[in-house]
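Data first, discussion second: the structure below is written as structure tokens.
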Amino acid sequence: MKNEEKAAEDKNKKPVSSKKQRRFERKLASGIPSATSDAFEKINYLHQAAALLSYQVPECPEFGRYYMYNVKQICQKMCLKVEPAVKHQSCKFCYTYFKPTENTSLKIREHGKRKFCEIKCLTCGKVKRYPLENISKKM
Ligand SMILES: [Zn+2]
């Protein structure tokens, strides 16, 4: 009898949780705002589509350019930051999706003690320079 009563009491009791834990659970339940997560999903999709189309349809690089342009437009509209790995794969000026040795030339240069990776877009001729330390950390 005693054991059954004790078990019934335990079922009625709510689990003890601290104020901090409850706040954390509330935060988890709310999650990321849906508009932001939708935007990240769309950015991911567009980036993958740009990569796929620029490799599968090499005679028409406008597909890749169009999708990368859309990625930038979404980021500007939603005030989001583009991941550096995504950002380094397309030209900042003409939105061409970079395909190594086909539409880009890559050089490693030294300026003083620091090394830089220079990526030249062969479509528009612009050069983008990234510090080599940052690239090795993020990729
Ligand atoms: Zn370019």
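Rank-order 86-98, 115-127 by packing density, defined as the average count of other C-beta atoms within 10 Å over each peptide's residues, highest first. Numbers along the way, then the final one.
Numbers: 86-98: 19.3, 115-127: 15.0.
Sorting 86-98, 115-127 by mean packing, highest first, produces 86-98, 115-127.
Starting from the Cα of Val57, step 7 Å along the direction of its Cβ; do the same at Lys19; then give the gap between the two resulting points in nm.
In this crude spin-label approximation the distance works out to 5.9 nm.
Quick check: residue separation of Ala35 and Tyr130 times 0.36 nm, minus the Cα distance between them. What number comes out in nm? Write down the numbers at each step before the final one.
Working: separation 95, 0.36 × 95 = 34.20 nm, distance 3.15 nm.
Full extension from Ala35 to Tyr130 adds 31.0 nm.
Treating only the Cβ of Lys, Arg, Asp and Glu as charged (+1, +1, -1, -1), what charge dipole size does the range 31-138 show about its Cα centre? Round to the nearest 20 debye.
Working: 19 positive and 9 negative charges, 134 e Å.
I would put it at about 640 debye.
Counting only residues 5 or more places away or on other chains, whose amide H sits under 5 Å from the amide H of Leu122 once H atoms are built in the peptide plane?
For Leu122, whose amide H was placed from the backbone, the distant partners under 5 Å are Thr104, Ser105.
Considering the options Pro100, Gln76, Ile119, tell which one lies farthest towards the positive end of the dipole of the range 31-138, charges being +1 on Lys and Arg and -1 on Asp and Glu at the Cβ, about the Cα centre.
Ile119
Rg and Dmax of the range 31-138, Cα atoms, in Å?
Rg, Dmax (Cα atoms, Å): 15.0, 47.
Here, each number is a calculation from the coordinates, and none is a lab measurement. Treat the numbers as computed from the prediction; the structure is a model and nothing was measured. Reconstructed Cβ throughout: ideal geometry from the backbone, glycine too, with neighbour counts over all protein chains shown.
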